[in-house]
Amino acid sequence: MTRLKRIGCTVDVDLKNYGYAGYSVECTYKYMKKKEMYLLRMGLKPKNSENRMKIEFQEIDTQYISGTRETIEEHILRIIEQAACHHKFFDKYIERYEYECKCFDIGNTILENVH
């Protein structure tokens, strides 16, 4: 079973078990009384600390989900499993992050060669 890292009303889910080694999804949830649902905010977190460009969090989705205090984290895990395993939801965000890192490295190389 995937382990959760609790940070208040935030959980960090490692995507290694879903084929995305080096990435996790940070999920922050808050109960919205008017909607009687939780607002879930998900963001991609690269774990590679070797990059010179530090991107700690890239927001990827916000949605309302049902649940109770006792079941909300289980529901979040189910959403992540569905997104990772059946829909390849994280692919485009990881590709975009890796592209931004390549652009940074190329731009940095060009600037270093100018001076």
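Of note:
- Count of residues meeting criterion [modelled with pLDDT of 85 or more and either basic (Lys, Arg) or under 19 Å from residue 21 (Cα atoms) (or both)] in the stretch 68-96: 19
- Subset of the stretch 19-32 (residues that are hydrophobic (A, V, I, L, M, F, W, C), open to solvent by 40 Å² or more (accessible area, probe 1.4 Å) and farther than 16 Å from residue 95 by Cα): 32
- Scanning the stretch 33-67 for residues that are at pLDDT below 90, in contact with a Leu (Cβ under 9 Å, 6 or more places away or on another chain) and loosely packed, with under 14 Cβ neighbours inside 10 Å yields 57, 59, 62.
- Matching residues, the stretch 2-18, being exposed (fewer than 12 other Cβ atoms within 10 Å of the Cβ) and either at positive phi or modelled with pLDDT of 70 or more (or both): 3, 8
- When residues in the stretch 72-102 are screened for being part of a helix (DSSP H, G or I) and open to solvent by 60 Å² or more (accessible area, probe 1.4 Å), 13 of them pass.
The values are calculated or read from the model by the stated rules, or taken from the named source; none is laboratory data. All values derive from a computational prediction rather than experimental measurement. Glycine also receives a Cβ, built like all others from the backbone with ideal geometry; neighbour counts cover every protein chain displayed. These area figures cover heavy atoms from the full protein model, side chains too; ligands, DNA and RNA do not enter into them. Shrake-Rupley method; radii C 1.70, N 1.55, O 1.52, S 1.80 Å.
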